[in-house]
Amino acid sequence: MSLKQVPLHHIHQQLGAKIVPFAGFEMPVRYTSDLDEHHTVRNGVGIFDVSHMGEFILKGDGALGLIQRVSANDASLLYDGKVQYSYLPNGKGGIVDDLLVYRISDVEYMLVVNASNIEKDWNWISQYAPDYDVTMTNISDGTCLFAVQGPLAAKALQPLTKADLDAMEYYTFEKTDFAGCANVIVSATGYTGAGGFEIYVSNDQAESVWEAITEAGEAYGLKPIGLGARDTLRLEMGYNLYGNDITDETSPIEAGLGWVTKFTHDFVDADVLKAQKEQGVPRKLVGFELLDRGVPRGHYELTDADGNPIGEVTSGTQSPTLGKGVGLGYVKTAYSKPGSEIFVKVRDRLLKAQVVKLPFVKK
């Protein structure tokens, strides 16, 4: 299968990005160094081109009904301009994908899904659509998404829009004029925990908006940021990554997604997940910090003090902010409480670690 390119691929090449295959796309993984880019976002402001992500528009009187059927969170709580984090249960106790639900109006919603799952999610939701008065449109190929993240993001972007960015609450959005373009979605969301905004534009607006943002951000030290830093930033916040920490095989209750599993409505797998929530689960996804020197990596074994297997690492890295190894992984429930001592098996060594309350980096 040939890899797709994001519309601004040529710009990332001009900027000297290292391009790698990711989720079916050629994507910039870094421009300078992962460490430099990570600190830029945590302490200042950076821009990511995440146009590989997928966007679906659901329109019609049945749009909410369809969303309620296929997703676990309660989308009836949304109001115009509000965003919600949710997931799609897969009918077998696992997860099709996690996603964001945007309420544009009471009859129009936008779903934002992971790049690697665009086709899978579309097919999954489509099978339920005939029961509802709804028109589904996949706008992924015509939409670019820029994430401007970091504590200086609002200051850097404010000259480009009349929307009061400082006043925008987390997980809300406005459809507004931005950088001279109409109908741009400016969303107070992100995957870094550093604050900031995500900007949805049509492909024909993308280059002028990118240039306007980089120009406006120059005074604040804004730099382009790649997927390498995106991964360490999200991991420091304990955010799940689909394909690593949550998959078709993982239970959302085990994965700590009980907080977005609302039994106020009937949805796919509701009965299965309710039983799991009430009866408890055999394993849980936890965050852990290494007490010994070392870096945990995906699929490393987690053990007790005697080396008996108790689980597996799903994501791990050396935290640039904390200067120590941190990771996410599934462990037997008995080891899931913060403060529990666990060990990461690296070749034939057992490195001591401790389960901690997420996020690793407190805001």
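The values are calculated or read from the model by the stated rules, or taken from the named source; none is laboratory data. Computed from a predicted model, the values in this text were never measured in an experiment. When we count neighbours, we look across all protein chains shown, and the Cβ atoms used for this are built from the backbone with ideal geometry, even at glycine.
With respect to the conditions (1) part of a loop (DSSP other than H, G, I, E, B); (2) of a type outside the set (A, V, I, L, M); (3) assigned by TED's automatic domain parsing to the domain that holds Val346; (4) more than 30 Å from Glu26 (Cβ to Cβ), Thr264 falls short on a single one, namely (3). Within the range 302-327, restricting attention to residues that are over 23 Å from the mean Cα position of the chain (by Cα) and among the polar types (S, T, N, Q), which residue is surrounded by the most Cβ atoms within 10 Å (Cβ to Cβ)? Looking at residues that are over 23 Å from the mean Cα position of the chain (by Cα) and among the polar types (S, T, N, Q), I get Thr303. Is it true that some residue in the range 36-48 is out of contact with any helix residue (DSSP H, G or I) (no Cβ under 6 Å at 6 or more places or on another chain), closer than 30 Å to Lys274 by Cα and in contact (Cβ under 8 Å) with a residue 12 or more places away in the chain? No, the range 36-48 contains no residue that is out of contact with any helix residue (DSSP H, G or I) (no Cβ under 6 Å at 6 or more places or on another chain), closer than 30 Å to Lys274 by Cα and in contact (Cβ under 8 Å) with a residue 12 or more places away in the chain. Within the range 69-125, being farther than 30 Å from Ala167 by Cβ and of a type in the set (Phe, Trp, Tyr) holds for Trp122, Trp124. Number of residues in the range 80-104 that are part of a loop (DSSP other than H, G, I, E, B) and farther than 11 Å from Phe173 by Cα: the value is 5. Return yes when Ala156 is among the hydrophobic types (A, V, I, L, M, F, W, C), touching an Asp or Glu at 6+ places or on another chain (Cβ under 9 Å) and part of a loop (DSSP other than H, G, I, E, B) and no when it is not. So Ala156 fails the test.
Table: residues versus (1) closer than 18 Å to Gln84 by Cβ; (2) without any contact (Cβ under 8 Å) to a residue 60 or more places away in the chain.
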{"site": "Asn244", "(1), (2)": "no, no"}
{"site": "Glu249", "(1), (2)": "no, no"}
{"site": "Glu254", "(1), (2)": "no, no"}
{"site": "Gly258", "(1), (2)": "yes, yes"}
{"site": "Thr264", "(1), (2)": "yes, no"}
{"site": "Glu278", "(1), (2)": "no, yes"}
{"site": "Val281", "(1), (2)": "no, yes"}
{"site": "Val286", "(1), (2)": "no, no"}
{"site": "Leu291", "(1), (2)": "no, no"}
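Each row is one residue, and each column tells you yes or no for (1) basic (Lys, Arg); (2) surrounded by fewer than 20 Cβ atoms within 10 Å (Cβ to Cβ); (3) closer than 19 Å to Leu111 by Cα.
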| site | (1), (2), (3) |
| --- | --- |
| Ile139 | no, yes, yes |
| Thr143 | no, no, yes |
| Asp166 | no, yes, no |
| Phe173 | no, no, yes |
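Would you check if Lys175 is modelled with pLDDT of 95 or more, out of contact with any strand residue (DSSP E or B) (no Cβ under 6 Å at 6 or more places or on another chain) and basic (Lys, Arg)? Criteria not met by Lys175.
Being in contact with a Lys or Arg (Cβ under 8 Å, 6 or more places away or on another chain) and either in contact (Cβ under 8 Å) with a residue 60 or more places away in the chain or of a type in the set (A, V, I, L, M) (or both) is a condition met by at least one residue of the range 92-101. Of all residues in the range 219-239, those being among the hydrophobic types (A, V, I, L, M, F, W, C) and part of a helix (DSSP H, G or I) number 5.
Taken over the range 28-49, the criterion of being surrounded by fewer than 19 Cβ atoms within 10 Å (Cβ to Cβ) and either outside the structural domain of Ala216 (by TED's automatic domain parsing) or part of a loop (DSSP other than H, G, I, E, B) (or both) is satisfied by Thr32, Ser33. Any residue at all in the range 319-328 that's in contact with a strand residue (DSSP E or B) (Cβ under 7 Å, 6 or more places away or on another chain), hydrophobic (A, V, I, L, M, F, W, C) and part of a helix (DSSP H, G or I)? No: the range 319-328 contains no residue that is in contact with a strand residue (DSSP E or B) (Cβ under 7 Å, 6 or more places away or on another chain), hydrophobic (A, V, I, L, M, F, W, C) and part of a helix (DSSP H, G or I).
Gln127 satisfies every condition listed in (1) closer than 16 Å to Leu58 by Cβ; (2) touching a residue at least 60 places away in the same chain (Cβ under 8 Å) except (2). Checking Pro21 against (1) farther than 15 Å from Phe146 by Cβ; (2) in contact (Cβ under 8 Å) with a residue 24 or more places away in the chain; (3) part of a strand (DSSP E or B): exactly one of these is not met. Which one? Exception for Pro21: condition (2).
A single entry from Tyr191, Tyr170 fulfils the requirement of being touching a residue at least 24 places away in the same chain (Cβ under 8 Å) and assigned to a loop (DSSP other than H, G, I, E, B): Tyr191.
Taking the range 51-64 as the range and being out of contact with any Pro (no Cβ under 8 Å at 6 or more places or on another chain), part of a loop (DSSP other than H, G, I, E, B) and buried (at least 20 other Cβ atoms within 10 Å of the Cβ) as the test, the residues that pass are His52, Met53.
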